[in-house]
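The values are calculated or read from the model by the stated rules, or taken from the named source; none is laboratory data. None of these values were measured; they are calculated from a predicted model. Here the Cβ positions follow ideal geometry from the backbone for every residue, glycine too, while neighbour counts run over all protein chains shown. Just so you know, the surface numbers come from the protein's heavy atoms only, side chains and all, with ligands and any DNA or RNA stripped out. Shrake-Rupley method; radii C 1.70, N 1.55, O 1.52, S 1.80 Å.
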Amino acid sequence: MRIRSCGITDVGLKRGHNEDNYLINEELNLFVVADGMGGHAGGEYASAIAVNTVEEIVTSMELNGEFSNIEDPVELTRHKLTHAIRLAGRRIFEKAREQPEYHGMGTTAVVLLIDGSNAFIAHVGDSRLYLLRERRIEQITEDHSLIAEKIRHGLITREEAKNHRMRNVITRSLGYQEDVEVDLQVHAVRRGDVFLLCSDGLSGHVADEELEDHLARLGPQAAARRLIGLACERGGEDNITVVIAAVEESA
Ligand code: CA
């Protein structure tokens, strides 16, 4: 699989600094977006720990020894990725406990690892992964947010959710508890698939149909720039991060 990718993060128009972080590791086909929050410099530190820990653990071969009872390579990668995100959460939790200036920090994380013909998608929080396939977009991750839960339980409609005063309340994140439950999915990759990882600074301003339109028409770099531009045109209330990974038609 040949993958073309592009990542951009932007402070937006209203915030003093950028607490989002992202990672593109082309060798591993590993892509991460983390949206930090809390504390003075805590948010950007928490999201940096998340991104760096995931890369460290996915790269580390020694860990395979720790999971030596797992023979199936898909299972092994699932375990490794889940372990990486939980470890990131633990590291953030401990830093926040030890150092007062980091008290209350946390982060979301959404991770894509393309390994052979499989896409491993893991997340905690409301940063999202979308998949564009056959020109149709689908949100693959389910937000860990109060609003998403209300929608799931039929308590409010998607339309009502858009301007809901609690739309920023997340129900799961890294750093607030010692351990966290990670959602992980494995999808078979097809040529032509385009993956989009983003923080809520994008998804709060740009509708799914617009994401679909731009991702279908533009290459990763142009699409990333266009989406960041759109979020800024519409107020840029929050930091905005976009990572796009396109699986080339000709491998
Ligand atoms: Ca955010």
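For region 109-128, residues that are surrounded by 22 or more Cβ atoms within 10 Å (Cβ to Cβ), farther than 14 Å from residue 195 by Cβ and not acidic (Asp, Glu) total 3. Sub-8 Å Cβ pairs linking a first residue in region 146-175 that is more than 16 Å from the ligand (Cβ to nearest atom) to a second residue that is open to solvent by 70 Å² or more (accessible area, probe 1.4 Å) and among the acidic types (Asp, Glu), at least 6 apart or interchain, are 152/142, ordered by first then second residue. Each residue in region 100-145 was checked for being within 16 Å of the ligand (Cβ to nearest atom) and touching a residue at least 40 places away in the same chain (Cβ under 8 Å), and 15 pass. Any chance region 181-192 includes a residue that's within 15 Å of the ligand (Cβ to nearest atom) and farther than 19 Å from residue 24 by Cβ? So far as region 181-192 goes, no, none of its residues is within 15 Å of the ligand (Cβ to nearest atom) and farther than 19 Å from residue 24 by Cβ.
Criterion first (open to solvent by less than 20 Å² (accessible area, probe 1.4 Å), away from the ligand (no atom under 16 Å from the Cβ) and in contact (Cβ under 8 Å) with a residue 40 or more places away in the chain) does residue 57 satisfy it? So residue 57 does not fit the description; no.
Scanning region 146-165 for residues that are open to solvent by less than 70 Å² (accessible area, probe 1.4 Å) and either hydrophobic (A, V, I, L, M, F, W, C) or under 22 Å from the mean Cα position of the chain (by Cα) (or both) yields 146, 147, 148, 149, 150, 151, 156, 161.
Going through (1) modelled with pLDDT of 95 or more; (2) over 20 Å from residue 30 (Cα atoms); (3) within 15 Å of the chain's Cα centre (by Cα) one by one, residue 175 falls short only on (3).
Could you tell me whether region 166-186 includes any residue that is out of contact with any helix residue (DSSP H, G or I) (no Cβ under 8 Å at 6 or more places or on another chain), in a helix (DSSP H, G or I) and surrounded by fewer than 16 Cβ atoms within 10 Å (Cβ to Cβ)? For region 166-186, residues out of contact with any helix residue (DSSP H, G or I) (no Cβ under 8 Å at 6 or more places or on another chain), in a helix (DSSP H, G or I) and surrounded by fewer than 16 Cβ atoms within 10 Å (Cβ to Cβ): absent. The listed residues are 52, 29, and the only one of them that is open to solvent by less than 40 Å² (accessible area, probe 1.4 Å) and at pLDDT 95 or above turns out to be 29.
When the residues of region 71-108 are filtered to those that are more than 19 Å from residue 122 (Cα to Cα) and not in a helix (DSSP H, G or I), which remaining residue is least open to solvent (accessible area, probe 1.4 Å)? Among them, the one singled out is 105.
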